[in-house]
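The values are calculated or read from the model by the stated rules, or taken from the named source; none is laboratory data. As the structure is a computational prediction, the values presented were derived from the model and not from experiment. Virtual Cβ from ideal backbone geometry, glycine too; neighbours counted across all protein chains shown. With ligands, DNA and RNA removed, areas are computed over all heavy atoms of the protein, side chains included. Shrake-Rupley method; radii C 1.70, N 1.55, O 1.52, S 1.80 Å.
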Amino acid sequence: EGKPACTSCDAGQYQDEVGKSACEACDNGQYAAVAAEACVDCEAGKHGVTAKDACTACVAGKWSDSIKAVDALTCIACGTGKYSGAVGAVSAETCNSCAAGKFSDDGEAQASADTCKPCAGGQYQPEAAQTDCIACDRGTKSDDGKPACTSCDAGQHQDKTGQAVCATCDDGQY
């Protein structure tokens, strides 16, 4: 008598032809909404574990240039000494380096510049994106967060390494 009613394809399935009796499944790394005519690849910066769920963005501190990625393992950590607040980043260019005079030893995939700590007094770091600081040599000093140590002023000395201040020479010395 009557024809059965048409049924929409479920999320994660599609049908791009008229008159078919079943829907086709999308691949992992793709997504399809209910009643879709096509699957959509997860774009760079995202991954899809199942075709039923919308693609998920890489978390801050990670990035991916892979298209149709199937899991979070495709998201690559910015690396130690770097950070990125961008969610769904598509390139390592979104990763920022801790500035000279600072370091980060908090591991990979950091999401904030707060991970970059200033070198302590008596230490320095001349390069960006580093995981530690270097002790100042004898005869030099540095304040917190400095990219270099400075020589002790005239009338001062420092016999130890890693010092934040120089000592004043005794009377009769310079």
Fill in the blank from the handout: Simple spin-label estimate for C169/A35, 7 Å along Cα→Cβ, in nm, reads 8.9
Practice task
Could you point to the residue in G19, C6, C58 farthest towards the positive end of the chain's charge dipole, with +1 and -1 charges on the Cβ of Lys/Arg and Asp/Glu respectively?
Solution key: C58
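Rolling a 1.4 Å sphere over the protein heavy atoms, what is the accessible area per residue of the chain, to the nearest Å²? Intermediate results must be reported in sequence, preceding the final value.
Values: 10590 Å² over 174 residues.
I get 61 Å² per residue for the chain.
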Exercise for the section: Quote the relative contact order of segment 9-72 in percent (integer), defining contacts as alpha-carbon pairs under 8 Å separated by 6+ residues. Expected result: 32
Completion exercise
With the label point 7 Å along the Cα-to-beta-carbon line of T150 and a cut-off under 19 Å to each amide N, the hits in segment 97-128 are 100-102, 118-127
Practice task
Name the residue farthest towards the positive end of the dipole of the chain from the options S112, G29, T74, assuming +1 on Cβ of Lys and Arg, -1 on Cβ of Asp and Glu, about the Cα centre.
Solution key: S112
Handout entry: Loop trypsin sites (Lys or Arg not before Pro), segment 9-55 (other Cβ atoms within 10 Å of the site Cβ: 16 or fewer; DSSP)
Key = K20, K52
Fill in the blank from the handout: Across G101, G139, G48, the residue with the highest GNM fluctuation in the chain (Cα network, 10 Å cutoff) is G139
Problem - Paramagnetic reach from D106 in segment 73-93 [backbone N under 11 Å; point 7 Å along Cα→Cβ] - result: 81-85
Completion exercise
Expressed in nanometres to one decimal, the distance between label points 7 Å along Cα→Cβ at H157 and A120 is 2.6
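Report, in listed order, any pair from K82/K102; K46/K68; K82/K160 with a Cα-Cα distance greater than 20 Å.
Values: K82/K102 11 Å; K46/K68 8 Å; K82/K160 32 Å.
Violating the 20 Å Cα-Cα cut-off are K82/K160.
Determine the relative contact order of the chain: mean sequence separation of Cα pairs under 8 Å and six or more apart, normalised by residue count, in whole percent. List each step's numbers first, then the result.
Working: 504 pairs, mean separation 23.0, N = 174.
Normalised by residue count, the contact order of the chain is 13 percent.
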Completion exercise
As straight-line cross-link partners of K146, the qualifying aspartates and glutamates (C-alpha separation under 19 Å, not fewer than 8 residues apart within one chain) are D105, D114, E127, D132, D137
